[in-house]
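Asks: Please see the structure below; I have some questions.
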Amino acid sequence: MKPEALFQELEELAGRLGLSIVVDRGSFRGGSCILEGEKLIVLNKSAPQEQRLSLLAQALASRNLQDLFIKPAVRAYLENYHDFKA
């Protein structure tokens with residue numbers, strides 16, 4: 001699966017989990033957080049695409065994904081992260 005398509009699939013999965021994704025520039029790495037009660041995944045727009053994909057996958061893999069349908073290619077990508085729970 002191409003990186004752009006994978007990112008789009010991960011974005012859609014985040015939405016299904018009730019997570020918002022914020023992509024912005026700055027001197028930060030990124031990751032998941034809660035701001036004013038809203039669950040966010042913050043990604044640095046200046047970071048390489050693979051780093052953004054990795055951070056997004058890490059944030060999603062730490063969630064319970066067992067009962068969600070996830071395309072096999074996306075599930076295979078998420079399985080690269082040790083916290084994967086699906």
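The values are calculated or read from the model by the stated rules, or taken from the named source; none is laboratory data. These numbers come from a predicted model, not from an experiment. As a convention, Cβ positions derive from the backbone with ideal geometry for all residues, glycine included, and neighbour counts pool all protein chains shown.
Asks: Kindly provide the set of residues from the stretch 22-69 that are assigned to a loop (DSSP other than H, G, I, E, B), over 19 Å from GLU4 (Cβ atoms) and of a type outside the set (D, E, K, R), ordered by number.
Replies: Selection gives GLY26, SER27, PHE28, GLY37, SER62, ASN64, LEU65, GLN66, LEU68, PHE69.
Asks: So, in the stretch 66-86, how many residues would count as being modelled with pLDDT under 90 and surrounded by 16 or more Cβ atoms within 10 Å (Cβ to Cβ)?
Replies: Summing the residues that are modelled with pLDDT under 90 and surrounded by 16 or more Cβ atoms within 10 Å (Cβ to Cβ) in the stretch 66-86 gives 1.
Asks: Then there's this: Could you say which residue among LEU56, LEU60 is within 21 Å of VAL22 (Cα to Cα) and either modelled with pLDDT under 90 or in contact with a Phe, Trp or Tyr (Cβ under 8 Å, 6 or more places away or on another chain) (or both)?
Replies: Details: LEU60 fails: either modelled with pLDDT under 90 or in contact with a Phe, Trp or Tyr (Cβ under 8 Å, 6 or more places away or on another chain) (or both).
Checking each option against the conditions leaves just LEU56.
So that you can scan it fast, the table gives a plain yes or no per residue for (1) in contact (Cβ under 8 Å) with a residue 24 or more places away in the chain; (2) under 10 Å from the mean Cα position of the chain (by Cα):
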position	(1), (2)
VAL22	no, no
GLY30	yes, no
GLY37	no, no
GLU50	yes, no
LEU55	yes, yes
ILE70	yes, no
VAL74	yes, no
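Asks: Here is a follow-up. Among the residues of the stretch 1-43, which ones are of a type in the set (S, T, N, Q) and farther than 20 Å from TYR77 by Cβ?
Replies: SER20, SER27, listed by residue number.
Asks: Moving on to the next point. Does the stretch 48-78 hold any residues that are in contact with a strand residue (DSSP E or B) (Cβ under 7 Å, 6 or more places away or on another chain) and either over 23 Å from SER27 (Cβ atoms) or hydrophobic (A, V, I, L, M, F, W, C) (or both), and which are they?
Replies: In the first step, residues of the stretch 48-78 are kept if they are in contact with a strand residue (DSSP E or B) (Cβ under 7 Å, 6 or more places away or on another chain); the result is 52, 55-56, 59.
Residues satisfying the conditions are LEU55, LEU56, ALA59.
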